[in-house]
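In what follows, a single structure is set out as C-alpha cells and then discussed.
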Amino acid sequence: MGMGGIGMDESKTMTRGSIWKSIVYFSIPLLIGNVFQQLYNTVDSIVVGNYVGKEALAAVGSCTVIINMLVGFFMGLSTGASVVISQYYGANDHKKLHDAVHTSIMMTLILGVIMTFVGILLSPTLLNFMKTPADVMPNSSLYLKIYFAGILGLMVYNMGAAILRAIGDSKRPLYFLIFSSIVNTILDLVFVIVFDMGVAGVAWATLVAQVLSAILVITLLVKSKEAYKIILKDLRLHKDMFTKMLKIGLPAGLQQSITAFSNIFVQGYVNVFGSSAMAGWSSYTKIDQFVILPVQSISLASTTFVGQNLGAKDVDRAKKGTKTSLMISIGVTIFLSILLNIFGNQVLSIFSQDADVLKYGNIFLRTFSPFYFAICFNQIYAGALRGAGDSNAPMVIMLFCFVVFRQITLFFGTQFFSSINFVAFSYPLGWILCSALLAYYYYKGKWQKKLNSVVD
C-alpha cells in the first residue's frame, strides 16, 4: 500500500470513485482510532473512579481541560500539516510532498520540547485558577506533571498519523493506536490495582503507551519506500512549507486551544457545586466525547477529501463530498443520541456508583443529548473550509460561539439561575449558533476565491 513510482495508489486517493464510499471507508479507521485515543483518558477515569475514589475521579477529570488546551493547539497545527500534505499528494508533487513531511516532523519535535516544560510549569497555576478543591488538588497536580513529561510521544504519534492520513492511509495509524491503548489499559490495571500507585499509576501508564505509539509510527515512516518517507538527515523547517502549515493550522490550533481554555472557566462554574458535580461532569464529558467522535472523524475525512480534490482541481466533487459528509454525520449522531437516552444511566454507572455523581451525570446527559445533531453542521463545514485552505473563518466563528458567547451567557445567566442545569445548557446554545453562522459562511461561497492560495 502506498504511492508506487510516480503514480498515485488508487486505494488512497479520494479524487475518483464513489464519494460516500471514499468518505465512509476513510472515516471508519479514523473513528475506531479516535475511540481508542479517547479510551486512554476514559480508562484512566474508570480505573481511578472504581479503585481509588470520587476525589481521584474528579482529579483526573479536571486535568482533561488543561490537557485539551495544550494538546488542542498542537492538533490544530497538525491539521495544517495534513492539509498541505494532502494537497501536494493530490497534485502528485513529490518534491513539495517531501519538504512538507520533513517540516511537519521538525515542527513537532520543537513544539514537543516547549510543551513539556510549559505543561509542567503551568499546571499548578491553572489548577488554582479553576478553583480546584483542596481534596482534589494534590492528585490533579501529580497527574499533570507525569502526563506532560511524556507529551512528546503523543505529539509525534499524532503528527505521524496526520501524515499517513493526508495521503489517504487511515488504517496503519489505527493499528498502532489499538496496540498502545491495550498497553495503556493493562498498565492502568497493573499500576493501580497491583502496585497501588493511585493517580500516578494511570498517568505513568498513559506516558508509556504514548511513547510506544510514537516509536511505531516513526519507524514506519523511516522504513517506507514511498514519496512521504522520512529521511532523518533531511529533517528541517522549510520556510515556505512552515508558513503554509501555520497559515492553515494556526487558526485551527488557536481555536481549539482557546476553546479549551474557556472550558477552564466552565470547569470553575461546575467546581462551585463540589466534588460530586465535578465527578458527574468528568464522567459525562467522557461519554460526550465518544458521542461526537463519529462527527469529528467524518469532519477529518471531509478535510482530506476536499484537500485532495481541490489539489486535483475538482471543485464540484469537493462540494459534493461536503454534502455527503453532512448527511452521514447527521444520521449517525441522531442514532447515537437515541441510544444514549435509553442506556445513559447504565453507561454513567461504569465510572461511579455514587448516587450524587450519577444524579449530576444524568443532568448533563439530558441537557446535551437532544442537541448533538447541531454539532454536525459546524464540524463538517469547518472541516471542508480547512481542506480548502480557509481556516480563519471557522476559527473566528467557533471562537465567538464557543468562547465569547458561551462565557457571556454563563457570566450573566448564573447571576439569575444558580443551577447546574443552566451551566450545562450553555453548550447546546453555542453549538446551534455556531452551526447557523458556519452554514451561512459556507454557502456564501467566499472561500472559493481563496482556493488558489494553497496549491500553486
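Please treat every number below as a calculation from the coordinates, not as lab data. Nothing here was measured: the structure is a model prediction, and the numbers come from that model. As a convention, Cβ positions derive from the backbone with ideal geometry for all residues, glycine included, and neighbour counts pool all protein chains shown.
Observations, loosely collected:
- Rounded to the nearest 20, the size of the Cβ-charge dipole of the range 19-445 about its Cα centre is 1240 debye, with Lys and Arg at +1 and Asp and Glu at -1.
- Annotation: the range 19-445 has a Kirkwood hydrodynamic radius of 21.7 angstrom, from the mean reciprocal C-alpha pair distance.
- Spin-label pair residue 405/residue 186, simplified geometry with 7 Å Cα→Cβ offset, distance in nm: 4.7
- Euclidean distance of C-alpha centroids, the range 378-424 and the range 98-119, integer Å: 28
- Between residue 50 and residue 222, the FRET efficiency estimated from the beta carbon spacing at R0 = 35 angstrom works out to 0.30.
- Each part gets one Cα centre, and for the range 292-344 versus the range 22-62 those centres are 22 Å apart.
- Backbone N within the range 364-397 under 15 Å of label point (7 Å from residue 439 Cα along the Cβ vector): 371-382
- Compactness of the range 51-155 as Cα Rg over 2.2 N^0.38 Å, two decimals: 1.38
- Paramagnetic label reach from residue 131 (point 7 Å along Cα→Cβ; backbone nitrogen cut-off under 18 Å): within the range 264-295, residues 264-282.
- FRET efficiency estimate (nearest 0.05) - Cβ-Cβ, residue 343 to residue 313, R0 51 angstrom: 0.60
- Only Lys, Arg, Asp and Glu carry charge here, each on its Cβ (+1 for the first two, -1 for the last two); on that basis the range 91-165 has a dipole of about 60 debye about its Cα centre.
- The relative contact order of the chain comes to 24 percent, based on Cα pairs under 8 Å that sit 6 or more residues apart.
- Positive-end ranking of 101, 139, 269 along the dipole of the chain, with charges on Cβ about the Cα centre, is headed by 101.
- As a rough footprinting exposure proxy, the listed residues 349, 82, 299 were ranked by other beta carbons within 10 Å of their own, and the order from fewest upward is 349, 299, 82.
- Free-standing Cys residues across the chain, given no other cysteine C-beta under 4.7 angstrom: 63, 376
- Rg and Dmax over the alpha-carbon atoms of the range 320-376 stand at 14.2, 48 Å.
- The stretch between residue 366 and residue 212, if pulled fully straight at 0.36 nm per residue, gains 51.6 nm over its current Cα-Cα span.
- Residues of the range 427-443 with amide N under 18 Å of a point placed 7 Å along Cα→Cβ from residue 38: 427-428, 431
- Cα gyration tensor shape of the range 331-424, rounded if a/c is under 1.5, else prolate or oblate by comparing a/b with b/c: oblate
- Segment residue 231-residue 193, length gained on full extension (0.36 nm per residue, minus Cα span): 9.4 nm
- FRET efficiency estimate (nearest 0.05) - Cβ-Cβ, residue 113 to residue 359, R0 45 angstrom: 0.55
- In Hz, Karplus ³J(HN,Hα) per residue of the range 75-91 (6.51, -1.76, 1.60; θ = phi - 60°; x = Gly, Pro): 4, x, 4, 5, 4, x, 4, 4, 5, 4, 5, 5, 6, 6, 5, x, 7
- Most positive-pole-ward Cα, 70, 433, 322, against dipole of the range 19-445 from beta carbon charges: 322
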